[in-house]
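**Student:** Can you keep this structure in mind? I'll have questions shortly.
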Amino acid sequence: MSLSNLTRPWAAFSYGFLDPSAKREIRRKMIKAIAVPGCQIPYASREVPIARGWGTGGLQVTLTLIKPASVVKVIDQGADDSVNAASIRRFLSRVSGAGETWDTLAATIVQSRHRIPEERLRDDQVLVLQVPNPEPLRPVQPNMSIARQMHADADYGRLWLVLYEQMVRSGRIMQGAAYPALVNGRHVMTPSPIPRWDVPKLNMARHLTFLSAGREKRLYAVPPFTRVEPLVFSDVPYKVEDHTRLTCHRSGLTGVFMNEIPQAAGGSVFEASDSHLGIKAIRRAEGDAAEIGPLWYQNGEFRG
Amino acid sequence: MAYVATRGGERAIEQAERLYREQLGTIDAARVQGLRDALPWLIDRVMGEASLYDADLAALALAQAGGDLYEAVLLLRAWRTTQPRIAIAAPVLQEDLFTHRRISAAFKDIPGGQILGPTLDYAHRLLATDVLGGADFVPVPVTPAPQAAPAQQPSLAAWQKAMGLVADPPRAEVATDDIPDVTREPLLFPAARAHSLQSLARADTGGVLALGYAAMRGYGNAHPTVNELRLAEAEVMVRHPSGVSFSAGRVKVSQAEVTSKGKSGQLELGFCATFGWNEVKVIAGATLDLNAGGAEKGSAVEEEFVLYHTEPVESSGFCIHFKLPHYVTFQSALDAMRGAAVADPAKEEVPA
Amino acid sequence: MADPVPTQDDLRDNAAFEALMWAMARPGSLHDLPGGIADLVLALVDRECRVLVDDPSLAQVVAATGAALVAAEGADHAFLTRAEGALAVLAALPAGSPLYPDQGATLVLPATLGQGQRLRLTGPGIEGATEVHISGLPDGFIDLRAARCRYPEGVDMVFVDVSRIMALPRSTTVEGI
């Protein structure tokens, strides 16, 4: 054996940027994440060429999965052309030769910050959610060692208490995005800061979801057909954002999650947060062929 | 397409990056070489925080980042990610270091002697404004001592151990090739000793100073005395697959040991070492190490608190990430707020 | 940046992992693994790993990754080429802890898939329930698995039938029919 067969010929960067041994570590952790849905799996989390907090966790998972035949869609707040999404998508194709798309239907991997597309994901698709804070217990326990012990004991009483106090104080649960959910009846996870609108899309879904926090060095998964139940009281139903009656002022879409655009003259208009769905709806209205897949919500009702 | 035209994100980011790079101008080998030669202490600091010892790459990163330290460290760390690990260097013993500077505040004199080496400690910090007027600052040549100090110096802690002043800390029984590596394994708490020291070694100098200073001012449990501070060079010994050990070169290292009287009646030691010469970091880091034992959960000197919050790439990245759009989460919060305003809490059924 | 062309090793590891990932995500489903068990070793194992193997030539593949070769008690991965020792290995492999369920090991072992004992699987990754046929496992293996998989602790399993794999993560409930 010599040094030359311990290593490979020098190259400035590996395929898919990550060194093969970084990928092997992430693969091992992804397998454990699938085996224990919703359980936060610690990983080394190498540095990648974007800043921590900007999607480095999602990026490491995507870089591990990616191959030349992959087609990636990257969204931030639902938009493909949002600055950070564009930057990540460009990086992915630059280091892998994978295809890029804005169309949810065409993607093999969807990496997202804060949204799940409105078109239903299929069983051959992988959703990679970027996670800023993987710990649903952080609001009640900032110390990660203690929080881990609470997960070990399935000690979620203090989370319930927070929700109960909101009910008492405000007459409703005030949790906005990142609504905590019980996964496979065992681990409470944060679904990442997706709106409440998107959480049901993880429950008994057909696709595979990875959630990865690069800065906090934790990744977890929701396999297909896995129970993801938002924490609610039996007599107070889970409430998604009240967007079903809003209409997108650009595309005419209704029954999707909206961005509110304040108007100088007062009041607001709304636009579909899933920007490419909006584009496809406009194209269809203009007579172009643009396929829109089945939506998770129909007539304001979640269909799954 | 109207929907897209008003956004134009892709073009905007491209032009914004161009603007930044245009303002920095052309980066050539001469600029990189110039930085490397002119700013050795900064290069050292960057190499330490990057945990990548290569002065040329550090200078290149500084050039590309225009001197923004967090950007430079991120560039180097990201580059490091792409590199395979081909060998594991042998551990370095204190007494084998090629020592340039070694001082102790604990004793007037120590076995092996106090060696000042290069320092501004006792200099008057006067700005050489004449340089701007065209008069070069030419350093006065050093007059060598009649007898050079020995390159290798004993460890003061070894003498203290022999005198029964310092408890011999427990040693982890681990083969040197199996010493845990925090860049390849997750940091968990309570942390492996190797992980703590590695994390301190690559911690943010400013962050370590802030927390270490807080500990020194009384937010910790122990007041440090500098037992030994060293600036040195370490031989990097690696093993060829044939079994032969050879030197792959030398790296500059700093290390500090601080001490205080422990509850056991013996002295306790805190330790920190890093790549490059960076005295502030190792003294502050050793102070935090000294304070970590028995620290209260969530206190500013507890290991988990210290190591999470002094990680330069994580802390700076998360800080600037707040510039990213958060309008979906904001919209979700607004919805809950408006919903609460409509509901009358008094009439709302609350589960018992 | 250089042209992003994957090496043969990159492609092999990527494909092996994809097969394993979907096998784990859909317990009971079959996936192609052209290179067999060695491909899983190469896609997963590194010098941080502690590995049990029962075969000298596979041991060489593992050793070349830098991983330590250990007994079952200390292993995070076990790669078996014969089913004979599987009971003892399964009995001894770490199953993780409530704090770190991820420290439960991965056991890779041979089996004949698509014939033999009928098993009914339920749990994450399975729509309702699914049935599989498997043979070549030691007697009592499925019962021992149930005893070792006290969710969220447990051992995750991958069955290799020459160039096809099927997985049973610890989250799957298995009933003999």
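The values are calculated or read from the model by the stated rules, or taken from the named source; none is laboratory data. Source: prediction; values computed, not measured. Backbone-built Cβ (ideal geometry, glycine too); neighbour counts: all protein chains shown. The area values use the complete protein model at the heavy-atom level, side chains included, leaving out ligands, DNA and RNA. Shrake-Rupley method; radii C 1.70, N 1.55, O 1.52, S 1.80 Å.
**Student:** In region B:18-34, how many residues are within 18 Å of B:Glu71 (Cβ to Cβ) and assigned to a helix (DSSP H, G or I)?
**Tutor:** Total meeting the criteria: 9.
Okay, residues lined up against (1) closer than 22 Å to A:Pro193 by Cβ; (2) in contact with a Leu (Cβ under 9 Å, 6 or more places away or on another chain); (3) of a type in the set (Gly, Ala, Ser):
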position: A:Phe225; (1), (2), (3): no, no, no
position: A:Val228; (1), (2), (3): yes, yes, no
position: A:Asp235; (1), (2), (3): no, no, no
position: A:Val240; (1), (2), (3): yes, no, no
position: A:Thr244; (1), (2), (3): yes, no, no
position: A:Ser251; (1), (2), (3): no, yes, yes
position: A:Met258; (1), (2), (3): yes, yes, no
position: A:Gly267; (1), (2), (3): no, no, yes
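**Student:** Is it the case that some residue within region B:137-154 is in contact with a helix residue (DSSP H, G or I) (Cβ under 9 Å, 6 or more places away or on another chain), assigned to a loop (DSSP other than H, G, I, E, B) and open to solvent by less than 70 Å² (accessible area, probe 1.4 Å)?
**Tutor:** yes
**Student:** Also, quick follow-up: What's the total number of residues in region B:276-300 that are away from chain A (no Cβ under 14 Å) and over 16 Å from the mean Cα position of the chain (by Cα)?
**Tutor:** 4
**Student:** Would you mention how many residues in region B:216-234 are out of contact with any Gly (no Cβ under 8 Å at 6 or more places or on another chain), at negative phi and open to solvent by less than 70 Å² (accessible area, probe 1.4 Å)?
**Tutor:** Total meeting the criteria: 11.
**Student:** The conditions are (1) without any contact (Cβ under 8 Å) to a residue 12 or more places away in the chain; (2) within 9 Å of chain B (Cβ to nearest Cβ), and A:Arg196 fails exactly one of them. Which is it?
**Tutor:** Of (1) without any contact (Cβ under 8 Å) to a residue 12 or more places away in the chain; (2) within 9 Å of chain B (Cβ to nearest Cβ), only one is false for A:Arg196: (1).
**Student:** Now, a different point. Could you check how many residues of region B:117-127 are free of Cβ contacts under 8 Å to residues at least 40 places away in the same chain and surrounded by 10 or more Cβ atoms within 10 Å (Cβ to Cβ)?
**Tutor:** Total satisfying the criteria: 1.
**Student:** Do you know which residues across region B:158-170 are out of contact with any helix residue (DSSP H, G or I) (no Cβ under 8 Å at 6 or more places or on another chain) and either outside any loop (DSSP other than H, G, I, E, B) or open to solvent by 60 Å² or more (accessible area, probe 1.4 Å) (or both)?
**Tutor:** Matches in region B:158-170: B:Trp159, B:Gln160, B:Lys161, B:Ala162, B:Met163, B:Leu165, B:Pro169, B:Pro170.
**Student:** Follow-up question, since we're still on this one. Return the only residue of A:Glu135, A:Glu165 being of a type in the set (Asp, Glu), under 26 Å from A:Leu65 (Cα atoms) and within 14 Å of chain B (Cβ to nearest Cβ).
**Tutor:** A:Glu135
**Student:** Which condition from (1) touching a Ser or Thr at 6+ places or on another chain (Cβ under 7 Å); (2) within 13 Å of chain B (Cβ to nearest Cβ); (3) more than 30 Å from A:Ile261 (Cβ to Cβ) is the one that A:Met144 breaks?
**Tutor:** Unmet condition: (1).
**Student:** On to the next question. Of the residues C:Ala95, C:Ala129, C:Ala105, which single one is in contact with a Leu (Cβ under 9 Å, 6 or more places away or on another chain), within 14 Å of chain A (Cβ to nearest Cβ) and closer than 24 Å to A:Leu219 by Cα?
**Tutor:** None of the others qualify; the one that does is C:Ala105.
**Student:** Looking at this structure, is C:Arg26 under 30 Å from B:Ile179 (Cα atoms), within 13 Å of chain A (Cβ to nearest Cβ) and open to solvent by 40 Å² or more (accessible area, probe 1.4 Å)?
**Tutor:** When the stated conditions are applied, C:Arg26 does not pass them.
**Student:** Which members of region B:15-52 meet the condition of being open to solvent by 70 Å² or more (accessible area, probe 1.4 Å) and in contact with a Lys or Arg (Cβ under 9 Å, 6 or more places away or on another chain)?
**Tutor:** B:Arg45
**Student:** Checking A:Arg158 against (1) at the interface with chain B (Cβ under 10 Å from one of its Cβ atoms); (2) under 26 Å from B:Glu303 (Cβ atoms): exactly one of these is not met. Which one?
**Tutor:** A:Arg158 satisfies all of (1) at the interface with chain B (Cβ under 10 Å from one of its Cβ atoms); (2) under 26 Å from B:Glu303 (Cβ atoms) except (1).
**Student:** Kindly indicate whether A:Ala221 is surrounded by 24 or more Cβ atoms within 10 Å (Cβ to Cβ) and either touching a Pro at 6+ places or on another chain (Cβ under 8 Å) or modelled with pLDDT of 95 or more (or both).
**Tutor:** In short, yes.
**Student:** Which of the residues that make up region A:206-216 are more than 9 Å from chain C (Cβ to nearest Cβ) and surrounded by fewer than 21 Cβ atoms within 10 Å (Cβ to Cβ)?
**Tutor:** Result: A:His207, single match.
**Student:** Within region A:87-119, how many residues turn out to be within 14 Å of chain C (Cβ to nearest Cβ), out of contact with any strand residue (DSSP E or B) (no Cβ under 7 Å at 6 or more places or on another chain) and closer than 20 Å to B:Arg11 by Cα?
**Tutor:** 3
**Student:** Also, quick follow-up: Just checking, which of B:Ala248, B:Ala201 is open to solvent by 50 Å² or more (accessible area, probe 1.4 Å) and either acidic (Asp, Glu) or within 20 Å of B:Leu52 (Cα to Cα) (or both)?
**Tutor:** B:Ala248
**Student:** Restricting the search to region B:272-302, which residues are in contact with a Pro (Cβ under 9 Å, 6 or more places away or on another chain), open to solvent by 10 Å² or more (accessible area, probe 1.4 Å) and either in contact (Cβ under 8 Å) with a residue 60 or more places away in the chain or outside the structural domain of B:Val226 (by TED's automatic domain parsing) (or both)?
**Tutor:** Correct list: B:Trp277, B:Ile283, B:Leu290.
**Student:** Still on this structure: What strands (runs of 3 or more DSSP E), lying completely within region C:104-170, carry at least 1 residues that are surrounded by fewer than 15 Cβ atoms within 10 Å (Cβ to Cβ) and touching a residue at least 24 places away in the same chain (Cβ under 8 Å)?
**Tutor:** Counting at least 1 such residues, we get C:112-122, C:130-135.
**Student:** Got at least one residue in region A:269-277 being small (Gly, Ala, Ser), open to solvent by 50 Å² or more (accessible area, probe 1.4 Å) and away from chain C (no Cβ under 14 Å)?
**Tutor:** no
**Student:** Return a yes/no flag: does region B:322-332 have any residue that is more than 8 Å from chain A (Cβ to nearest Cβ), surrounded by 18 or more Cβ atoms within 10 Å (Cβ to Cβ), in contact with a helix residue (DSSP H, G or I) (Cβ under 7 Å, 6 or more places away or on another chain) and under 30 Å from A:Val48 (Cβ atoms).
**Tutor:** The answer is no, given that none of the residues of region B:322-332 is more than 8 Å from chain A (Cβ to nearest Cβ), surrounded by 18 or more Cβ atoms within 10 Å (Cβ to Cβ), in contact with a helix residue (DSSP H, G or I) (Cβ under 7 Å, 6 or more places away or on another chain) and under 30 Å from A:Val48 (Cβ atoms).
**Student:** Working only within region A:120-132, note down all residues that are more than 13 Å from chain C (Cβ to nearest Cβ), in contact with a Phe, Trp or Tyr (Cβ under 8 Å, 6 or more places away or on another chain) and either crowded, with 21+ Cβ neighbours inside 10 Å or outside any loop (DSSP other than H, G, I, E, B) (or both).
**Tutor:** Listed by number, the residues that qualify are A:Leu129, A:Pro132.
**Student:** Looking at region A:33-56, which of the residues that are in contact (Cβ under 8 Å) with a residue 12 or more places away in the chain and more than 11 Å from chain B (Cβ to nearest Cβ) is surrounded by the most Cβ atoms within 10 Å (Cβ to Cβ)?
**Tutor:** Here the answer is A:Ile34.
**Student:** What are the pairs, 6+ residues apart or on separate chains, where a residue within region A:147-169 that is closer than 14 Å to A:Gln40 by Cβ has its Cβ under 8 Å from a residue that is open to solvent by 50 Å² or more (accessible area, probe 1.4 Å) and of a type in the set (Lys, Arg)?
**Tutor:** A:Ala147/A:Arg138; A:Met150/A:Arg158
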